[in-house]
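The values are calculated or read from the model by the stated rules, or taken from the named source; none is laboratory data. Worth saying up front: this structure is predicted, and the values here are computed from it rather than measured. Glycine also receives a Cβ, built like all others from the backbone with ideal geometry; neighbour counts cover every protein chain displayed. The protein model used for the area step is the full one, side chains on, heavy atoms only, and it has no ligands, DNA or RNA in it. Shrake-Rupley method; radii C 1.70, N 1.55, O 1.52, S 1.80 Å.
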Amino acid sequence: MGILSLISGWPGPSGFGSSSTAEQVTHSIDASNLTIIITGGASGIGLETTRVLAMRGAHVIIAARNTKAANQAKQVILENDKKAKIDVLELDLSSLKSVKAFADSFKDLNLPLNILINNAGIMFCPYQLSQDGIEMQFATNHLGHFYLTNLLLDKMKETAATSGIEGRIVNLSSVAHLYTYEEGIRLDKINDKDSYSDKKAYGQSKLANILHANELSRRLKEEGANITVNSVHPGLIMTDLMRYSFLLMRILKLFTYIMWKNVPQGAATSCYAALHPGLKGVTAKYFVDCNEYPTSNFATDLDLAKKLWDYSNNLVKSLQRS
């Protein structure tokens, strides 16, 4: 899956390519026995992912910071699909308190959980700290999802064991994981303002998404849990994610327009990783245009993945105590 495949839209080994849409990659799949949580499922490719998963019969829980906007998105979907099963719960990934409250609220619903799609994120924002005092892109894109996944993992294991249906976790990463700091993940300088780069900090957080998926996959395999964990690059899509760099992205798109996707195409790889039966048992992989794709050397560094896991785990514990 190189540049030629990206531009041409030619399908790869999976039968799908860059021009495939979320509806196409989930065609004829019955997801009516599945419950799915998607973070940031009320806008951009998250909204399209929600719509298509609901179309296939899944019960979708939108985890969103702006619940008003999420409920409006829900109503738009319901107007066109009366059978859609969608609920909305509040989640601010930059706040560990909010993450814990979301997980508790979901558990109170007494629902199973088959699939978790860690979709939400922010991109290229100016230097700022989260409510917990952590650099915002790392806090939102990685740490919030790391904590959320851990809080929901027992429910996913229980669901997989009792239902016999493979659980799946999908982390949305990015090709931007290739452009990060020299150390890959600056575990000793996460909050360093003087050397902060909005682009490299984003790349760092997206690298963290892949490392998180790979290390979690390793741990689940050791346990014998029936859950896979994969990461995906959705492609270049002009959405609200680019609000901090809109002008830059518009200029970039002007010169690289042939490589950009529309939203239905951008949601395809997430839906493919979440639902496609061809990925049964496939774990710790990175997908681009619905096909497995190589990552950076940092992303395959098992030692770095373990260090990031321990760092994230210890950071969450310390923030909970403070």
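Find the helices (runs of 4 or more DSSP H) located wholly in the range 1-92 whose residues include 2 or more that are aliphatic (A, V, I, L, M) and either at pLDDT below 95 or under 19 Å from Leu275 (Cβ atoms) (or both), and list them.
Answer list for the range 1-92: 3-8, 22-25, 44-55.
Provide a single number: the residues in the range 192-209 that are in a loop (DSSP other than H, G, I, E, B) and open to solvent by less than 10 Å² (accessible area, probe 1.4 Å).
So the count comes out to 0.
Looking at the range 71-99 only, could you name the residues that are in contact with a Phe, Trp or Tyr (Cβ under 8 Å, 6 or more places away or on another chain) and open to solvent by 20 Å² or more (accessible area, probe 1.4 Å)?
Correct list: Leu89, Glu90.
Looking at Ala160, Ala103, Ala120, which is the one that is within 30 Å of Ser32 (Cβ to Cβ), open to solvent by less than 30 Å² (accessible area, probe 1.4 Å) and in a loop (DSSP other than H, G, I, E, B)?
Ala120
Considering only residues that are of a type in the set (D, E, K, R) and either under 15 Å from Ser312 (Cβ atoms) or assigned to a helix (DSSP H, G or I) (or both), which ones fall in the range 164-188?
Within the range 164-188, Arg186, Asp188 meet the criteria.
Could you tell me which residue of the range 233-275 is nearest to Ser173 (Cα to Cα), considering only residues that are open to solvent by 40 Å² or more (accessible area, probe 1.4 Å), modelled with pLDDT of 65 or more and not in a helix (DSSP H, G or I)?
Looking at residues that are open to solvent by 40 Å² or more (accessible area, probe 1.4 Å), modelled with pLDDT of 65 or more and not in a helix (DSSP H, G or I), I get Leu236.
When only residues in the range 286-304 that are touching a residue at least 24 places away in the same chain (Cβ under 8 Å), assigned to a loop (DSSP other than H, G, I, E, B) and open to solvent by 10 Å² or more (accessible area, probe 1.4 Å) count, which is nearest to Gly164 (Cα to Cα)?
By that ranking, first place goes to Tyr293.
Right, Thr283: open to solvent by 30 Å² or more (accessible area, probe 1.4 Å), β-branched (Val, Ile, Thr) and either touching a Leu at 6+ places or on another chain (Cβ under 8 Å) or in a loop (DSSP other than H, G, I, E, B) (or both) or not?
Here the answer is no, as Thr283 does not meet what is asked.
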